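The values are calculated or read from the model by the stated rules, or taken from the named source; none is laboratory data. Since the structure is predicted, the reported quantities are computational estimates derived from the model, not experimental observations. Counting neighbours? That spans all protein chains shown, and the Cβs are built from the backbone with ideal geometry, glycine included.
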Amino acid sequence: MKGLTAKEEEIMGYFWEKGPLFVKELLAFYTDPKPHFNTLSTIVRGLEEKGYLSHEAFGNTYRYYAVVNAEDFSRRTLKQVISKYFHNSYLGAVSSLVKEEDISVDELKQLIRQVEEGA
């Protein structure tokens, strides 16, 4: 499955949060200046082509819904980052977080306890 652009990921966030939507409903979530309806429609159709969305017909219009959930997307994205930047080393990724102080030693110990307890 192909990755998402930042705009595609933003739009998927609406589907994950709100559920099935018409493109017209998507437009309501944006502040001025709102994107053009055709622009959103094109992006949504692209998300469907990539396998992230599907649709059901309502007369002459479609209501789209997510077929990939947010958790699966997050997990797959994390795996891709670890593969690309850490040569598939989860230890390397965690080590980098500790070195950059994005995770404290206490938080790391708590994580180890959770893993050992099977949480």
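In table form, for the structure just shown:
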quantity	calculated
Residue list for segment 16-32, restricted to those being among the small types (Gly, Ala, Ser) and either closer than 10 Å to residue 66 by Cβ or surrounded by 14 or more Cβ atoms within 10 Å (Cβ to Cβ) (or both)	19
Positions within segment 59-74 being free of Cβ contacts under 8 Å to residues at least 40 places away in the same chain and either of a type in the set (D, E, K, R) or touching a strand residue (DSSP E or B) at 6+ places or on another chain (Cβ under 8 Å) (or both), in sequence order	61, 67, 71, 72
Count - residues of segment 39-67 that are modelled with pLDDT under 95 and hydrophobic (A, V, I, L, M, F, W, C)	1
Odd one out for residue 87, checked against (1) more than 13 Å from the chain's Cα centre (by Cα); (2) within 14 Å of residue 10 (Cα to Cα)	(2)
Odd one out for residue 3 among (1) touching a Lys or Arg at 6+ places or on another chain (Cβ under 9 Å); (2) without any contact (Cβ under 8 Å) to a residue 24 or more places away in the chain; (3) within 30 Å of residue 97 (Cα to Cα)	(2)
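Results for (1) in contact with a His (Cβ under 8 Å, 6 or more places away or on another chain); (2) under 20 Å from residue 7 (Cβ atoms); (3) not assigned by TED's automatic domain parsing to the domain that holds residue 11, shown as yes or no for each residue.
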site	(1), (2), (3)
45	no, yes, no
55	no, yes, no
59	no, no, no
71	no, no, yes
74	no, yes, yes
99	no, no, yes
103	no, no, yes
115	no, no, yes
